[in-house]
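Following: one structure in structure tokens, then a few remarks.
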Amino acid sequence: MKCKTIAALAAAFMALGSGGSSAQSPENFTLGGVVPLSGPYALLGTSMQKGAEIAIEERQTVLGVPIRALWEDSETKPQTSVQKANKLLSEGVNMLFGDGASGQTLAIMPVAAQRKTPLIVTTSAADQITGKARNDYTFRTSSLAFAETKMAIEFVRKAGLKSVYGLGVDQPVGRDTWATMKAGLEGMGVAVAGEDFAPIGNQDYSIIIDKIAKSGADGLFVTMTGADTITFLKQAGQVKLNDRVPIFGTGFLDDDAANAVGPDVVGVNTVARYHFSYDTPENKAFVEAYRKKYNEWPNAYAGHAYDGLKWFFDVVDKTGSWDTEAWVAAFKTSEHPGSVFGPRKMRACDNQAIGVGLWAEAVTGGDPYPPLMLKVTDTFPPDNLYPACPN
């Protein structure tokens, strides 16, 4: 036992000496997951965890040692996210993964940077994450609000909408997205009929729904997710709001939420951050593995978690080094030919992944698919979807 302890300490000092910022284990490559497993965004966290587990089981090892995952529940609270991230870092994890909501992700980004530990973001979409709040150690392998809003603006153009009401979650992603959307609408000469922001976990949208119905808008743009999406669309369905004001948004709806809402969801349009039907060999293999393990169809949070972690594991393994600075440098300029979305690459200027964008409509499914599901209706190439690199 004494010899093993000395060997472990020696390995840790060697890792630190080579530039690594956290104590490295000679026995495992350890992922520290900070995700919401309870609270309004629990669906996000549990799905992210499932997608991550498929990526871990598929690869099994990184740098010649088994991958181990330690999970902490952020409870959809920024302060808790920070506490849990610090707890995991004190336990010597090699990387952080999370969070589900942008507010929580922005809270743990400085923690990861201070400890020089890579943070892989696969769900949070606030522009700030790879914008003004960016740091060298945070990488987003999923989409950002700016790109998703560009797709929503194209929907407005095609649908010929003349006035749009905005509803967002009162979080950075909600306000970032609506600000970009509003500027785009005004640039096209589309009137803004009104706007509202609701807190995470809001249970009563009746006043907001009444305002939307009376606003004269011929479109409703929504930015929220998880339980908030379900609550809002259920209440909107009770008054058939979608029949009067077409509802669309940026990644606020997936198959799980659609089935929780029920038939009134049919016709709602959304950015599809991922979809199990997307036709690539890599996605088909992932969907098969996911269904075999969980007996359900993967949603966007699971799909992006799998894809982002698979990408990072591949890059780290190719460095052949336990130096975290080597991982960061390699990931900044990496490409992901094996993505479920087709080829993708990382922008070194802001650590933001770029790739295709998907737009979808909620439709009635059929065996073997869920009773209600998203159908991809448009695919956007990455050109012109992303903001210019920051100075």
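All of the numbers you see were taken from the coordinates with simple rules; none came from a lab. Computed from a predicted model, the values in this text were never measured in an experiment. All Cβ positions, even for glycine, are placed from backbone atoms using ideal geometry, and neighbour counts span all protein chains on display.
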Note the angle between two axes, namely the Cα long axis of helix 102-114 and the longest principal axis of the Cα atoms of the chain, as a number of degrees from 0 to 90, rounded to the nearest 10.
20 degrees
Computed magnitude of the charge dipole of region 25-157 (debye, nearest 20; Cβ of K, R +1, Cβ of D, E -1)
360 debye
Any chance you could give the angle, 0 to 90 degrees and rounded to 10, that helix 172-187 forms with the longest Cα principal axis of the chain?
50 degrees
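What does the charge count around Gly357 come to, taking other residues whose C-beta lies under 13 Å from its C-beta (Lys +1, Arg +1, Asp -1, Glu -1)?
Working: positive: Lys150, Arg273, Arg344; negative: Glu148, Glu154, Asp378, Asp383.
The answer is -1.
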Summing +1 for each Lys or Arg and -1 for each Asp or Glu, what net charge is found among the other residues whose Cβ lies under 13 Å from the Cβ of Val169?
-4
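For a protection proxy built on the mean count of beta-carbon atoms within 10 angstrom, sort 215-225, 353-363, 192-202 highest first, please.
Values: 215-225: 24.4, 353-363: 21.8, 192-202: 17.3.
Answer by packing, highest mean first, reads 215-225, 353-363, 192-202.
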Among Ala258, Ala213, Ala300, which one shows the highest mean-square fluctuation when the chain is modelled as a Gaussian network with alpha-carbon springs under 10 Å?
Ala213
Would you work out if region 289-391 is rounded, prolate or oblate? Take a ≥ b ≥ c from the square roots of the eigenvalues of the alpha-carbon gyration tensor; rounded if a/c is under 1.5, else prolate when a/b is larger than b/c, oblate otherwise.
oblate
Please give the charge dipole size of region 220-335, origin at the Cα centre, charges +1 on K and R Cβ atoms and -1 on D and E Cβ atoms. Round to the nearest 20 debye.
300 debye
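Within a Cβ distance under 12 Å of Gly194, other residues only, what is the Lys/Arg minus Asp/Glu net charge? Before the final figure, lay out each step's value.
Values: positive: Lys182, Lys211, Lys214; negative: Glu195, Asp196, Asp210.
In short, 0.
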Could you quote the convex hull projected area for the chain, Cα atoms only and averaged over all directions, in nm²?
18.6 nm²
Once phi for every residue in region 273-287 is put through the Karplus expression 6.51 cos²θ - 1.76 cosθ + 1.60 (θ = phi - 60°), the whole-Hz ³J(HN,Hα) values, with Gly and Pro written as x, are 5, 6, 8, 5, 8, 4, 8, 10, x, 5, 5, 4, 5, 5, 4
The chain: angle of helix 145-159 to the longest principal axis, Cα-based, in degrees nearest 10:
20 degrees
Region 47-52 - phi-based ³J(HN,Hα) in whole Hz, Karplus 6.51/-1.76/1.60, Gly and Pro as x
5, 4, 4, 5, x, 4
When Val245, Val34 are ranked with the fewest other C-beta atoms within 10 Å first, the list becomes Val245, Val34
